[in-house]
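What follows is a single structure, written as structure tokens, with notes after it.
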Amino acid sequence: QVQLVESGGGLVQAGGSLRLSCAASGSIFSINAMGWYRQAPGKQRELVAAITRSGRSNYADSVKGRFTISRDNAKNTVYLQMNSLKPEDTAVYYCNANVHATGAVYAMDYWGKGTLVTVSS
């Protein structure tokens, strides 16, 4: 079994910063891409940022220049540094990882339970 646990969400004023963390644990052989998604009330879940094992990243246009994704492969952890936060960034943020579990034939996607980020105006 593989578990993803997010942390770092909370309430922040517009213009402020937050850093999200997501640690993967369990029977992990290797982790491919990791990423952050978000879902605002009444909206579909959307990709915020993703990063490959080698460190290549991509971002949603709405967060480019404000958010930075990074990862520590030794710790099986991905981070999302969020700066210049806006009220429209308010959402539940979910961690995603494509994990090759020990003994598994194929890698598969795992999700965390989410962490709430609320940006007040």
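Points to keep in mind about this one:
- Listed conditions (1) of a type outside the set (Gly, Ala, Ser); (2) open to solvent by 30 Å² or more (accessible area, probe 1.4 Å); (3) over 25 Å from Ser84 (Cβ atoms) are all met by Pro41, apart from (3).
- Boolean, Leu11 is of a type outside the set (D, E, K, R), outside any loop (DSSP other than H, G, I, E, B) and open to solvent by less than 40 Å² (accessible area, probe 1.4 Å): no
- Within segment 82-121, the set of residues being part of a loop (DSSP other than H, G, I, E, B) and β-branched (Val, Ile, Thr) comprises Thr90, Thr102, Val105.
- A Cβ distance below 8 Å, combined with a sequence gap of six or more or placement on separate chains, defines the contacts here; from segment 17-29, residues that are farther than 18 Å from Ser120 by Cα and outside any strand (DSSP E or B) reach residues that are open to solvent by 30 Å² or more (accessible area, probe 1.4 Å) and modelled with pLDDT under 95 in the pairs Ser27/Gln1; Ser27/Thr102; Ser27/Gly103.
- Residue count for segment 56-70 under the criterion of being open to solvent by 40 Å² or more (accessible area, probe 1.4 Å) and either part of a loop (DSSP other than H, G, I, E, B) or out of contact with any helix residue (DSSP H, G or I) (no Cβ under 9 Å at 6 or more places or on another chain) (or both): the result is 9.
- Residue pairs whose Cβ atoms lie under 9 Å apart, separated by 6 or more positions or on different chains, with the first residue in segment 3-15 and farther than 16 Å from Gly35 by Cα and the second open to solvent by less than 30 Å² (accessible area, probe 1.4 Å) and hydroxyl-bearing (Ser, Thr, Tyr), are Gly10/Thr115.
- In segment 18-36, the residues that are open to solvent by 60 Å² or more (accessible area, probe 1.4 Å) and either in contact with a helix residue (DSSP H, G or I) (Cβ under 9 Å, 6 or more places away or on another chain) or within 17 Å of Ser62 (Cα to Cα) (or both): none
- Filter result for Ser54 (over 11 Å from the mean Cα position of the chain (by Cα) and either modelled with pLDDT under 95 or over 17 Å from Val119 (Cβ atoms) (or both)): yes
- When segment 71-81 is filtered for residues that are open to solvent by less than 40 Å² (accessible area, probe 1.4 Å) and assigned to a helix (DSSP H, G or I), nothing remains.
- Answer residue from segment 82-117, given it is of a type in the set (S, T, N, Q) and surrounded by 16 or more Cβ atoms within 10 Å (Cβ to Cβ) and is nearest to Ile28 (Cα to Cα) among those: Asn98
- Pairing residues of segment 42-54 that are under 25 Å from Ala74 (Cβ atoms) and assigned to a loop (DSSP other than H, G, I, E, B) with residues that are open to solvent by less than 100 Å² (accessible area, probe 1.4 Å) and not basic (Lys, Arg), at Cβ distances under 8 Å and at least 6 apart in sequence or on separate chains, gives Thr52/Asn32; Thr52/Ala33; Arg53/Ser30; Arg53/Ile31; Arg53/Asn32; Arg53/Ala33; Arg53/Asn73.
The values are calculated or read from the model by the stated rules, or taken from the named source; none is laboratory data. These numbers come from a predicted model, not from an experiment. No Cβ is skipped: glycine too gets one built from the backbone with ideal geometry, and neighbour counts run over all protein chains shown. Only protein heavy atoms, including side chains, enter the accessible area calculation; ligands, DNA and RNA are left aside. Shrake-Rupley method; radii C 1.70, N 1.55, O 1.52, S 1.80 Å.
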